[in-house]
Amino acid sequence: MKIIRKISDFLKNRSECKTSILLENGVLNYYEDSNLKHSFLMKDVLEIFAFKRDLGTVDLICIGFRVDSDGSFNEIDEEMKGYKTALEELPDYFNGINTEWFSDVAFPAF
């Protein structure tokens, strides 16, 4: 019964996620409850990479943006409001970006 409660709590917390993103004028902004929490410039991105997180019952597709040489990165994920729009706009900022990456990351599941 503990595992069911943990899954239920996790899903409840994910559905309450209020993080949204907006890619505009070369800046990726992160908002929580309509408050700007973080941003970075697309021109500062050193590397973009796609990955998935195994959340137990589902996978979460994510995009990482490395802006520092120390290995840290910012990420967006498919649960964030504005994710799809941001993905559609990435080729405007990064010439030659692979737009057919999704199946390479998503499959096989788990």
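Remarks
- Among residues of region 21-34 that are assigned to a loop (DSSP other than H, G, I, E, B), those with a beta-carbon under 7 Å from a residue that is not aliphatic (A, V, I, L, M) at least six positions away or on a different chain give the pairs GLY26/LYS43; GLY26/TYR93; ASP33/LYS18.
- Filter result for GLU79 (outside any helix (DSSP H, G or I), in contact (Cβ under 8 Å) with a residue 60 or more places away in the chain and not aliphatic (A, V, I, L, M)): yes
- Number of residues in region 96-110 that are under 22 Å from LEU22 (Cβ atoms) and open to solvent by 60 Å² or more (accessible area, probe 1.4 Å) equals 2.
- All told, ILE21 falls short of being more than 23 Å from LEU87 (Cβ to Cβ) and either surrounded by 10 or more Cβ atoms within 10 Å (Cβ to Cβ) or modelled with pLDDT of 80 or more (or both).
- Residue within region 49-72 that is touching a residue at least 60 places away in the same chain (Cβ under 8 Å) and not in a loop (DSSP other than H, G, I, E, B) present: no
Table: residues versus (1) in a loop (DSSP other than H, G, I, E, B); (2) more than 13 Å from the chain's Cα centre (by Cα); (3) within 18 Å of GLU24 (Cβ to Cβ); (4) at pLDDT 95 or above.
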| site | (1), (2), (3), (4) |
| --- | --- |
| GLU75 | no, no, no, yes |
| THR85 | no, no, yes, yes |
| ASN95 | yes, yes, no, no |
| GLU100 | yes, yes, no, no |
| SER103 | no, yes, no, no |
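- Taking the criterion of being touching a strand residue (DSSP E or B) at 6+ places or on another chain (Cβ under 8 Å), hydrophobic (A, V, I, L, M, F, W, C) and open to solvent by 40 Å² or more (accessible area, probe 1.4 Å), the only residue of region 52-84 that qualifies is PHE73.
- Considering (1) over 24 Å from ALA106 (Cα atoms); (2) touching a Gly at 6+ places or on another chain (Cβ under 8 Å); (3) crowded, with 16+ Cβ neighbours inside 10 Å, the lone condition that ILE48 does not fulfil carries the number (1).
The values are calculated or read from the model by the stated rules, or taken from the named source; none is laboratory data. The structure displayed is predicted, hence computed values, not measured ones. Quick reminder, even Gly has a Cβ in these numbers, built from the backbone with ideal geometry, and neighbours come from all protein chains shown. The accessibility values were calculated without ligands, DNA or RNA, using every heavy atom of the protein model including side chains. Shrake-Rupley method; radii C 1.70, N 1.55, O 1.52, S 1.80 Å.
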